[in-house]
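Below is one structure, written out as structure tokens; comments come after it.
The values are calculated or read from the model by the stated rules, or taken from the named source; none is laboratory data. Model, not experiment: these values are computed from the prediction. Neighbour counts run over all protein chains shown; Cβ positions are idealised from the backbone, glycine included. These accessible areas exclude ligands, DNA and RNA; they are computed on the full protein's heavy atoms, side chains included. Shrake-Rupley method; radii C 1.70, N 1.55, O 1.52, S 1.80 Å.
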Amino acid sequence: MRVGFTYNMKRDTSPEGDEHPPSTVGSDVYAEWDEPETIEAVRAALAKKHIVIPIEADEHAFDKLQSTRPEIVFNIAEGAYGVSREAQIPAILELLRIPYTGSDPLTLGICLDKGRAKEVLAFNGVPTPGFKVLSYVNGNANGLRYPMIVKPLFEGSSKGIYNDSVVRCTKELKSKVQWVLDTYGQPALVERFLEGREFTVALIGNGDRIQVLPIVEIKFDALPEGASPIYSFEAKWIWDREDNPLNIFQCPADVDDTNRAKIEAICVKAYRVLRCRDWCRIDVRLDGQGNPYIIELNPLPGILPRPECNSCFPKAARAAGMDYDTLMNTVLEVACERYGIGL
Ligand SMILES: Nc1ncnc2c1ncn2[C@@H]1O[C@H](COP(=O)(O)OP(=O)(O)O)[C@@H](O)[C@H]1O
Ligand SMILES: [Mg+2]
């Protein structure tokens with residue numbers, strides 16, 4: 001098959017580099033775009049079975065997609081600017097009537113806005129921590145009790161989530177909300193802080209054939225002493241280095257059958273109510289009593305290729321006996337199946 005491949009490649013953000021902020025300001029501006037190595041790994045995986053047409057998801061993408069008209073597009077583009085950025089390429093593909101992997105613009109937009117995603121979850125009875133979206137500094141967060149966590153409303157890749165994002169009093173809350181408003185130019189999501197174990201769950205498939213891969217646990221005891229027990233920007237991008245990897249993930253997680261079934265059930269329900277397609281990685285955390293809640297959904301999951309890089313979706317796939325190339329081709333296959341395209 002002729003398979004298009006849409007992506008955004010990380011830029012050089014050094015002062016001499018090609019400075020062109022895609023979404024917000026701050027040192028973590030390009031955190032969500034993919035490294036050349038990841039893009040090459042996906043291309044090579046697909047090229048084992050198909051003719052691949054790589055297309056950078058920039059302002060020329062529409063013309064390139066229109067002129068090349070791939071039979072299907074493997075989409076990992078994060079897009080640029082605003083809460084609907086991940087929806088840009090899928091929206092173009094819908095207009096051109098070209099099939100593509102992954103969720104549609106509506107689901108990508110909703111999941112990037114963590115507050116909207118939580119509204120959909122809560123309405124459908126899927127547990128998610130109590131929250132309030134603040135567009136201005138306000139010390140009264142819907143009667144939530146401390147500690148709380150304060151995050152930018154529509155970022156990913158741990159952007160805007162630092163060690164001091166967990167707040168314990170009105171003063172800390174106000175100052176963190178102000179920081180989010182000023183730094184990211186978007187509302188702050190204030191959420192009840194769940195102090196229990198954290199997991200992330202990779203799912204593949206559609207309809208009544210959704211496969212839950214082995215659960216990954218995030219082990220906070222691997223963090224430096226005194227660090228907040230969260231998977232922060234520091235934990236993801238600073239403390240976890242290739243030359244000194246942070247041993248933070250355990251897969252398969254050590255959970256008993258009952259708890260695993262509970263976690264899997266809320267993830268499958270979340271996947272369905274948000275109408276995810278083909279694949280998604282879902283973050284889950286337990287409260288003090290051990291009850292699982294959905295933190296957020298990642299319908300464009302991170303997929304760093306090398307095992308040392310600690311990327312959760314490929315790690316879960318490996319634990320299920322699926323190597324990187326097989327994972328990419330499986331996602332393509334489930335998308336083809338969904339469209340009724342024979343491979
Ligand atoms: N309500 C919460 N309670 C406890 N920890 C949380 C909560 N929300 C986020 N966190 C912590 O912050 C991390 C990043 O938050 P998340 O919403 O997943 O943002 P991102 O989109 O950057 O991954 C989570 O992996 C978790 O460790
Ligand atoms: Mg997350």
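The table for this structure:
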read-out: Cα-based radius of gyration of the stretch 113-220 once divided by 2.2 N^0.38 Å, which approximates compact folds; value: 1.18
read-out: Burial ranking of peptide ranges 232-243, 39-50 (average Cβ count within 10 Å, highest at the top); value: 39-50, 232-243
read-out: Cα-projected label distance for Asn138 with Asp164, points at 7 Å along beta-carbon direction, nm; value: 2.4
read-out: Rounded D (µm²/s) - the stretch 65-184, Kirkwood Rh over Cα pairs, Stokes-Einstein at 4 °C, 1.567 mPa s; value: 79
read-out: Restraint check, Lys10/Lys48; Lys48/Lys262; Lys10/Lys262, Cα-Cα greater than 27 Å; value: Lys48/Lys262; Lys10/Lys262
read-out: Most to least packed among 111-121, 246-256 [average Cβ atoms within 10 Å]; value: 111-121, 246-256
read-out: Of all accessible heavy-atom area on the chain, the percent that carbon and sulfur account for (1.4 Å); value: 50
read-out: Isolated Cys in the chain, by beta carbon distance under 4.7 Å; value: Cys111, Cys169, Cys251, Cys267, Cys309, Cys312, Cys336
read-out: Rg/Rh ratio calculated on Cα atoms of the stretch 130-192 (Kirkwood radius); value: 0.91
read-out: For the chain, alpha-carbon Rg relative to the globular expectation (2.2 N^0.38 Å, N residues); value: 0.96
read-out: Interchain or long-range residues, amide H under 5 Å from Gly4's placed H; value: Ile53, Glu71, Ile72, Val73, Phe74
read-out: Where labels lie 7 Å past Cα in the beta-carbon direction, separation of Arg11 and Ala261 in nm; value: 5.1
read-out: Residue-wise HN-Hα coupling along the stretch 138-148, computed from phi with Karplus coefficients 6.51, -1.76, 1.60 (Hz; x: Gly, Pro); value: 8, x, 10, 8, 6, x, 5, 9, 6, x, 10
